[in-house]
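Comments concern the structure below.
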Amino acid sequence: MVLAFAAAGVTVAAEKKAAPKQHAAPKQHAVSIKGMKFVPETVEVAVGDVVVWTNEDMFPHNVFGGPLNSPILEPGKTYRWTAEKPGEIPYHCSLHVVMKGTVRVR
Ligand SMILES: [Cu+2]
């Protein structure tokens, strides 16, 4: 009797080929929250990109709207979010509803 250990083709994925450049590598976009404004007010990103809001004011804000739902951001705190699908996302600060911004995901 022959125990055939079919050498399960254990191949080492040798070279990681450079991925085809259809999509650029994810980028990080910074939005400052200062002077009761989101700066820049509109940010354009690609799917997979990350947006980081930083509260540079002396009092708390948040980022709220659609998939954006940050905790209250005390001064100096940040909120990171990854864009998952195309679309336009209007958002605001729910503590100061006059503060508005838009994320455009392409
Ligand atoms: Cu605010």
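Pairs under 7 Å by beta carbon, first residue on the phi > 0 side of the Ramachandran plot in the stretch 65-82, partner among the hydrophobic types (A, V, I, L, M, F, W, C), six or more apart or different chains?
Partner pairs satisfying both residue conditions: Gly65/Ile89; Gly66/Ile89.
When both residues are 6+ apart or on different chains and their Cβ atoms are under 7 Å apart, which pairs have a first residue that lies in the stretch 36-48 and is under 14 Å from Leu73 (Cβ atoms), and a second that is away from the ligand (no atom under 14 Å from the Cβ) and charged (D, E, K, R)?
Short answer, once both residue conditions are applied: none.
Within the stretch 36-48, identify whether any single residue is away from the ligand (no atom under 14 Å from the Cβ), in contact with a Leu (Cβ under 7 Å, 6 or more places away or on another chain) and closer than 23 Å to Ala24 by Cβ, and answer yes or no. Talk me through it step by step, then tell me what you get.
Step one: list which residues in the stretch 36-48 are away from the ligand (no atom under 14 Å from the Cβ), which gives 40, 42-48.
Adding the requirement that they be in contact with a Leu (Cβ under 7 Å, 6 or more places away or on another chain) leaves none.
Checked the stretch 36-48: no residue is away from the ligand (no atom under 14 Å from the Cβ), in contact with a Leu (Cβ under 7 Å, 6 or more places away or on another chain) and closer than 23 Å to Ala24 by Cβ.
What residue, among those in the stretch 83-106 that are within 16 Å of the ligand (Cβ to nearest atom) and free of Cβ contacts under 8 Å to residues at least 60 places away in the same chain, is surrounded by the most Cβ atoms within 10 Å (Cβ to Cβ)?
Tyr91
FYI, it's all coordinate maths here, none of it is from the lab. Bear in mind the structure is a predicted one, so any value in this text is a computation, not a measurement. FYI the Cβ positions are ideal-geometry reconstructions off the backbone, even for glycines, and counts take in every protein chain you see.
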